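Working notes, structure below.
The values are calculated or read from the model by the stated rules, or taken from the named source; none is laboratory data. Not measured: the values here are computed from a predicted model. When we count neighbours, we look across all protein chains shown, and the Cβ atoms used for this are built from the backbone with ideal geometry, even at glycine. With ligands, DNA and RNA removed, areas are computed over all heavy atoms of the protein, side chains included. Shrake-Rupley method; radii C 1.70, N 1.55, O 1.52, S 1.80 Å.
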Amino acid sequence: MRIDRFVAGLSKYQPLDAVRWNVFFGRPGADNDRLNIMISEASLPGNTLAGVDYDQPTGPKRHIALRQEYSDELSMTFLVGRDGYESDYFSGWIDQAVNPRDLVVSYYKDYVADLGVQQYDKQNRLLYAWKFYEVYPYTMGSTELSNSGDDTNLLLTCKVTFKYRKFYWA
């Protein structure tokens, strides 16, 4: 492909920026404004078709689709503020699912919430929206501290991986 066709194609189709987006936790006590300021990255799952291979008497095998499955995890990384709100919020949510003192497990409906992710264009018009149903954090990554003197990673972060029942995008 010639470079002028490539540049013309980019100009015509305008690839999306991956930096204009927000998240919304539908859980009581969520400071969505703060979480949107402090979120540094998110990894949204894909989907795949699960099925079975059908071996025909003649010809090649066929893969018959049976259901749609989600291929990856939903994970987000947050910068941690001076007061530790981001770590405390997700740690408290995990503690709500299983009490760390007496190990009593809560009812599922009491610790799940819906989550929305919205992507915008350069004019702040909504382009895409993902809605995740029955979300809860199931892993908080380890906290990395360092005295190495390396100035490349001076900010404390909190990586959270979520389980969810299903999601849709529009």
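Before moving on, here are some points about what is shown:
- With contacts taken as Cα pairs under 8 Å and at least 6 residues apart, the chain reaches a relative contact order of 23 percent.
- Accessible surface ranking for K12, K163, 1.4 angstrom probe, highest first: K12, K163.
- Fluctuation leader among E69, E134, E41 - the chain, Gaussian network, Cα springs under 10 angstrom: E69
- Surface exposure of the stretch 24-131, expressed per residue as accessible area with a 1.4 Å probe, stands at 66 Å².
- Under 15 Å, Cβ to Cβ, from Q96 - net charge with Lys/Arg +1 and Asp/Glu -1: -1
- Coordinate range along principal axes, alpha carbons of the chain, Å, largest first: 61, 49, 37
- Residue among P28, P57, P100 with the largest mean-square fluctuation in a Gaussian network model of the chain, springs linking Cα atoms under 10 Å: P57
- Counting protein heavy atoms only, the chain has 51 percent of its accessible area on carbon and sulfur, 1.4 angstrom probe.
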